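Participant: Input: one structure, supplied below.
The values are calculated or read from the model by the stated rules, or taken from the named source; none is laboratory data. Please read these numbers as outputs of a predicted model, since none were measured by experiment. Counting neighbours? That spans all protein chains shown, and the Cβs are built from the backbone with ideal geometry, glycine included.
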Amino acid sequence: MTKATAIFALATAAALSASAAFDATFQVRTASYNIRCQTTESDSTNNWDNRKVDFINLVKTIAPDVVGFQEVKNAQYTYLRGQLSDYTFVGEMRAGGSNPEATPVAFRTSRFALLDSGTFWLSATPNVSGSTAWGNGIEDSGYPRICSWTLLKDRTSGGVFCFASTHLDLNAGPRLAGIRLILSLLVAKYEAVDVPVVLVGDMNALETEDSMFEASIAMQDALLVSKTTPTGSWRTFNGFSWKDDEVSSASALADYTAAQRSANVATLGKRIDYIFTSFGAEVESFATRNDARPGKQYYPSDHYPVVADLRLPRANSFYTGKVRIEIGKSVERVGHGRYVLTRGANLPNADNLEFVLPNWVERAAVEDGEIVIYAKPAPFFLRIR
């Protein structure tokens with residue numbers, strides 16, 4: 001082992017030893033909520049202007065750390081940002097028509113730092129705004145469909161995860177193609193570097209359909225793997241139709257097989273809103289919030305929000321604290337140079353790394369996913385006795 005190698009081996013060991021003292025997971029409350037786009041309802045009580053205050057109040061009651069919305073039109077987007085001022089919103093409009101929709105992600109600004117974000121279109125040309133065509137015999141989407149995503153870092157634990165919100169097509173062909181695109185472009189990308197992914201949205205599909213079957217192979221359906229009994233209704237789409245007696249998620253899981261649930265939609269209602277997580281994430285609890293508007297037999301939206309409390313692994317993220325580099329007694333001289341400390345680490349970020357540098361080190365940085373240290377320029381001698 002060379003002297004330089006010995007230095008860096010000791011430094012790496014010190015960093016790993018320090019990080020082991022910290023929790024390997026962090027908790028996040030996630031949610032998905034289709035708000036029902038601002039339009040003219042046959043019953044004026046369900047118009048956006050008459051339900052928006054109750055909608056916001058329910059979101060604040062749920063208090064998600066990060067939430068994905070669907071069917072958000074321009075005026076609604078402005079309203080949400082104004083009313084949920086503790087959150088940062090990310091996500092483009094999907095284009096198409098004079099009043100397009102968005103599927104934005106909103107996260108607590110004080111809790112998370114935004115490392116990266118984007119929106120892509122569910123089509124054969126995902127980077128082309130407003131695109132709908134798939135080709136290869138797959139019918140075009142009826143509307144432009146999108147996925148908006150964020151890469152977030154928990155400011156306390158340093159944990160990093162990807163959170164995405166989408167609204168799949170009404171037709172089976174583009175719906176299946178859409179989920180496959182999300183799984184390949186987003187989920188596979190971040191899971192390859194051990195960054196957990198949370199995908200939420202109005203999927204317009206029952207759990208037994210091909211699109212949800214493929215999603216559940218690649219990820220976990222949070223309701224089905226919750227460590228505690230899921231609460232709230234089985235259906236997530238209410239269509240503004242009031243029910244005195246909801247069929248609970250727990251009852252549906254206990255009394256029906258998946259095939260029976262699919263065959264008894266008239267009784268159970270449609271579960272089409274989901275929270276999917278990477279394998280390795282723990283779902284502490286899951287709820288479908290079928291809250292009524294206060295004092296009324298009406299709902300804040302034609303969908304119920306779904307909520308999952310998650311414990312995510314902090315794989316590939318460093319603890320919040322200091323990385324201390326210690327010099328071994330065998331070192332006599334360190335010259336000018338550049339040395340990689342963590343070969344192959346593929347760090348997504350290092351905002352929370354605080355380096356305590358010995359006097360022979362000029363600076364430390366993260367470059368191309370590696371921790372790199374630069375020795376001070378020659379002539380420089382360090383003698384340890």
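Participant: Just to check your reading of the model, which residue among Asp291, Asp273 is touching a His at 6+ places or on another chain (Cβ under 7 Å) and either within 30 Å of Lys52 (Cα to Cα) or not hydroxyl-bearing (Ser, Thr, Tyr) (or both)?
Facilitator: Working: Asp291 fails: touching a His at 6+ places or on another chain (Cβ under 7 Å).
Checking each option against the conditions leaves just Asp273.
Participant: Could you please find all residues in the range 129-177 being at positive phi and without any contact (Cβ under 8 Å) to a residue 40 or more places away in the chain?
Facilitator: Answer for the range 129-177, where residues must be at positive phi and without any contact (Cβ under 8 Å) to a residue 40 or more places away in the chain: Gly130, Gly135, Asn136, Gly137.
Participant: What number of residues within the range 111-128 satisfy the criterion of being touching a Ser or Thr at 6+ places or on another chain (Cβ under 9 Å) and either of a type in the set (Gly, Ala, Ser) or within 18 Å of Leu168 (Cβ to Cβ) (or both)?
Facilitator: 9
Participant: With respect to Thr78, determine if the residue is in a strand (DSSP E or B) and of a type in the set (Ser, Thr, Tyr).
Facilitator: No, not satisfied.
Participant: Considering the range 216-240 alone, what residues qualify as being under 16 Å from the mean Cα position of the chain (by Cα) and charged (D, E, K, R)?
Facilitator: Correct list: Asp221 only.
Participant: List, please: which pairs have Cβ atoms under 7 Å, are six or more places apart or on different chains, and start with a residue in the range 206-218 that is in contact (Cβ under 8 Å) with a residue 24 or more places away in the chain and in a helix (DSSP H, G or I) and end with one that is among the basic types (Lys, Arg) and crowded, with 19+ Cβ neighbours inside 10 Å?
Facilitator: Ser211/Arg175
Participant: In the range 27-75, what residues are under 24 Å from Ser241 (Cα atoms), part of a loop (DSSP other than H, G, I, E, B) and within 22 Å of the chain's Cα centre (by Cα)?
Facilitator: Result: Ile35, Arg36, Glu71.
Participant: Do the conditions hold for Asp255, that is, is it of a type in the set (Asp, Glu) and modelled with pLDDT under 95?
Facilitator: no
Participant: Oh, and also: Within the range 263-313, which residues are in a strand (DSSP E or B), hydroxyl-bearing (Ser, Thr, Tyr) and crowded, with 17+ Cβ neighbours inside 10 Å?
Facilitator: Initially, the range 263-313 is screened for residues in a strand (DSSP E or B), giving 270, 273-277, 279, 281-288, 303, 306-313.
The next check asks that each one be hydroxyl-bearing (Ser, Thr, Tyr); those that pass are 274, 277, 285, 288.
Scanning the range 263-313 gives Tyr274, Thr277, Thr288.
Participant: Within the bounds of the range 223-241, is there any residue that is over 30 Å from Gly135 (Cα atoms), crowded, with 21+ Cβ neighbours inside 10 Å, modelled with pLDDT under 95 and hydrophobic (A, V, I, L, M, F, W, C)?
Facilitator: Within the range 223-241 (the criterion being over 30 Å from Gly135 (Cα atoms), crowded, with 21+ Cβ neighbours inside 10 Å, modelled with pLDDT under 95 and hydrophobic (A, V, I, L, M, F, W, C)), the answer is no, since none of the residues qualifies.
Participant: Quick one: Pro104 ticks every box in (1) in contact with a Leu (Cβ under 9 Å, 6 or more places away or on another chain); (2) at pLDDT below 95; (3) not small (Gly, Ala, Ser) except a single one, so which number is it?
Facilitator: (2)
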